[in-house]
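Trainee: Quick one: the structure is below, and I'll ask about it shortly.
Bear in mind that the values in this text are calculations on the coordinates, not laboratory data. Note that this is a predicted model, so its numbers are computed, not measured. Methodologically, a virtual Cβ is constructed for each residue, glycine included, from the backbone with ideal geometry; neighbour enumeration extends over all protein chains shown.
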Amino acid sequence: MTDANRYSRQLPLLGENSPTLLASKTLLICGLGGVGGYVLEALTRAGCANFILVDADVFDETNLNRQLLCTADCVGRAKVDVAKERVLTINPSATVITEKLFLTEENIPELLDKYKPDYIADAIDNISAKLCLAEEAQKRGCGIISCMGTGNKLMSNAFECVDISKTSVCPLAKVMRRLLKERGVKKLKVIYSKEIPLTSGRTVCSVSFVPPTAGFLMAENIIKDLLGINSKKTPLK
């Protein structure tokens, strides 16, 4: 299979050189659950081919209702292993490095120094790790996009991509705004929902159609950033 065939449907939209440009970038995907799995899927199918996948978790039965990478056969398996297999079934030429790692403020700088990613997709839940990723990305001039809360929501059309300073309603975004300011992080591109959470409590509820929306929106903005595309200008204009 040639790249001309594989990517023929997207070239008029993303540009003739888009597969080559995307394949030249190293992407760090943090978290491979309800959001991260869809980020990875969309990036892989668009032509991204160099991934660092980070997740310490294994799939369980509660993941089956919403996580792309989870099937009945995958329950109990490490998410990074399943994700790598998925990427290689789509693009056997891709390079996929996996890290079964729970991200902390102690190991994030070492991870970024080791792999030097061009772009970071933050699809994790841990606030301290999210803050550290944003701070370290700013120090290194590395692209980053961070997903805010997707749980306890039903409106997939309520998600948008904005700077963290323009968020509202989302409890996680509210905490992130304050703590990022304390750390001197001036801006952070985020995906967040304007929908007020429907429930609260220790158990976070989620459905099949909400996290994928956030994941695809993340992937859209990563691809556009890497290719220098924005909503007002495309390769065709």
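Trainee: Any idea which of ILE120, ILE124 is under 21 Å from LEU180 (Cα atoms), touching a residue at least 12 places away in the same chain (Cβ under 8 Å) and in a loop (DSSP other than H, G, I, E, B)?
Mentor: ILE124
Trainee: Within the range 39-80, which residues are more than 26 Å from LYS114 (Cβ to Cβ) and surrounded by fewer than 20 Cβ atoms within 10 Å (Cβ to Cβ)?
Mentor: Of everything in the range 39-80, those that are more than 26 Å from LYS114 (Cβ to Cβ) and surrounded by fewer than 20 Cβ atoms within 10 Å (Cβ to Cβ) turn out to be ARG45, ASP60, GLU61, THR62, LEU64, ASN65, THR71, ALA72, ASP73, VAL75, GLY76.
Trainee: Where the second residue is part of a loop (DSSP other than H, G, I, E, B) and among the hydroxyl-bearing types (Ser, Thr, Tyr) and the first is closer than 23 Å to ALA121 by Cα and lies in the range 4-26, which pairs have Cβ atoms under 8 Å and are six or more apart or on separate chains?
Mentor: What qualifies is LEU13/THR234; SER18/TYR7; PRO19/TYR7.
Trainee: Considering only the range 152-162, I want to know if a residue exists there that is closer than 25 Å to VAL80 by Cβ, outside any loop (DSSP other than H, G, I, E, B) and small (Gly, Ala, Ser).
Mentor: Checking the range 152-162: not a single residue is closer than 25 Å to VAL80 by Cβ, outside any loop (DSSP other than H, G, I, E, B) and small (Gly, Ala, Ser).
So that you can scan it fast, the table gives a plain yes or no per residue for (1) surrounded by 18 or more Cβ atoms within 10 Å (Cβ to Cβ); (2) in contact with a Lys or Arg (Cβ under 6 Å, 6 or more places away or on another chain); (3) closer than 22 Å to GLU220 by Cβ; (4) of a type in the set (Asp, Glu):
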| position | (1), (2), (3), (4) |
| --- | --- |
| GLU105 | no, no, no, yes |
| ILE127 | no, no, no, no |
| LYS130 | yes, no, yes, no |
| ALA134 | yes, no, yes, no |
| ILE145 | yes, yes, yes, no |
| ILE164 | yes, yes, yes, no |
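Trainee: For the range 188-212, name all the residues that are among the β-branched types (Val, Ile, Thr) and surrounded by 12 or more Cβ atoms within 10 Å (Cβ to Cβ).
Mentor: Hits for the range 188-212 are VAL190, ILE191, ILE196, VAL204, VAL207, VAL210.
Trainee: Right, here's the next one. Quick one: how many residues across the range 61-76 are more than 20 Å from LEU103 (Cβ to Cβ) and either of a type in the set (Val, Ile, Thr) or without any contact (Cβ under 8 Å) to a residue 40 or more places away in the chain (or both)?
Mentor: Number satisfying all stated conditions: 10.
Trainee: Among what's in the range 166-176 and is crowded, with 20+ Cβ neighbours inside 10 Å and in contact with a Phe, Trp or Tyr (Cβ under 9 Å, 6 or more places away or on another chain), pick the residue that is farthest from SER128 (Cα to Cα).
Mentor: Looking at residues that are crowded, with 20+ Cβ neighbours inside 10 Å and in contact with a Phe, Trp or Tyr (Cβ under 9 Å, 6 or more places away or on another chain), I get THR167.
So that you can scan it fast, the table gives a plain yes or no per residue for (1) surrounded by fewer than 21 Cβ atoms within 10 Å (Cβ to Cβ); (2) of a type in the set (D, E, K, R); (3) without any contact (Cβ under 8 Å) to a residue 24 or more places away in the chain:
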| site | (1), (2), (3) |
| --- | --- |
| ASN152 | yes, no, no |
| LEU179 | yes, no, no |
| LYS186 | yes, yes, no |
| ALA214 | no, no, no |
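Trainee: Looking at (1) of a type in the set (A, V, I, L, M, F, W, C); (2) in contact with a helix residue (DSSP H, G or I) (Cβ under 9 Å, 6 or more places away or on another chain); (3) under 25 Å from ALA56 (Cα atoms), which is the only condition CYS205 fails?
Mentor: Evaluating CYS205 over (1) of a type in the set (A, V, I, L, M, F, W, C); (2) in contact with a helix residue (DSSP H, G or I) (Cβ under 9 Å, 6 or more places away or on another chain); (3) under 25 Å from ALA56 (Cα atoms) leaves (2) as the failure.
Trainee: In the range 81-94, which residues are surrounded by fewer than 14 Cβ atoms within 10 Å (Cβ to Cβ) and not in a helix (DSSP H, G or I)?
Mentor: PRO92, SER93
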